[in-house]
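The values are calculated or read from the model by the stated rules, or taken from the named source; none is laboratory data. What you see is a predicted model, and the numbers here were worked out from it, not measured in a lab. Here Cβ is always computed from backbone atoms with ideal geometry, including for glycine, and neighbour counts include all displayed protein chains. The area values use the complete protein model at the heavy-atom level, side chains included, leaving out ligands, DNA and RNA. Shrake-Rupley method; radii C 1.70, N 1.55, O 1.52, S 1.80 Å.
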Amino acid sequence: MEKSLLDKTLSSYYPKGDEPGIAVAISQHGQIRYHYAVGIADLKTKQKITEKTHFRMASVSKQVTAQAICSLFAQGKLKPTDQLGLFFDDLPLALQGITVAQLLQHRSGIMDYEALIPSDRTAQVSDKDVLDYIRQTDAVYFPSGSQFRYSNTGYCLLALIVEKVAKEPFAAFVKSICFCRMVSAMESSILLIQISPIGLSVIILRGYLCVC
């Protein structure tokens, strides 16, 4: 592996160490063969990015939520055909019949919660906030199961379903069925939470948008 070439290539994309940057790792057969970190993780504190810096995975983490749901399927605690009305009270009629499978497959037709957030809100939206928002509208994009439309809302609701069925915080359940069961345990992986009930760290870094 030409480490010097990799260093040169990455530094050409991120030449300044005092701006938002990246952390890169390349593994082979379970061993880290290369790592590179450059830039600032927090522009206010000037905290530098290192190989141990946590980055928000955003929608890439949907697979973790899906794994949690499938684990409950395997345990016989949840069925793909279970409907939202089984888990949440006071839902509009149009949402009550949406199934867990339709949420997983982005075929629910449920409204994007981003379109329901008040314009004056500045605080981070939680999964419970999302539930409150969708309780306020009976509108859907299409009858559930009839089309595909990518949905963040659906996966927020799936996380809440995991908590209800597993009877424990989402972070705790995911830690037990995902992070701790890897061949090489994901000991540094954490979830974005405000107050950790199980000793996990709280991610503060949110990332920065580059406008070109």
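Couple of notes before you dig in:
- Area accessible to solvent at T65, 1.4 Å probe radius, in Å²: 20
- Nearby lysines by direct alpha-carbon distance to K46 (threshold 17 angstrom, same-chain neighbours under 8 apart not counted): K16
- Pairs from the table (K62/K175; K44/K128; K3/K44; K44/K175) lying more than 26 angstrom apart at Cα are K44/K128; K3/K44; K44/K175.
- Cα-centre dipole for the range 1-152 with unit charges at Cβ (Lys and Arg positive, Asp and Glu negative), debye to 20: 600
- Per-q log10 I(q)/I(0), the range 1-44, q = 0.30, 0.34 Å⁻¹ (Debye; single scatterer per alpha-carbon; no solvent): -1.05, -1.19
- Alpha-carbon Rg with Dmax, taken over the range 10-71, Å: 15.0, 44
- In the range 1-155, the convex hull through the Cα atoms has an average projected area of 13.5 nm², a quarter of its surface area.
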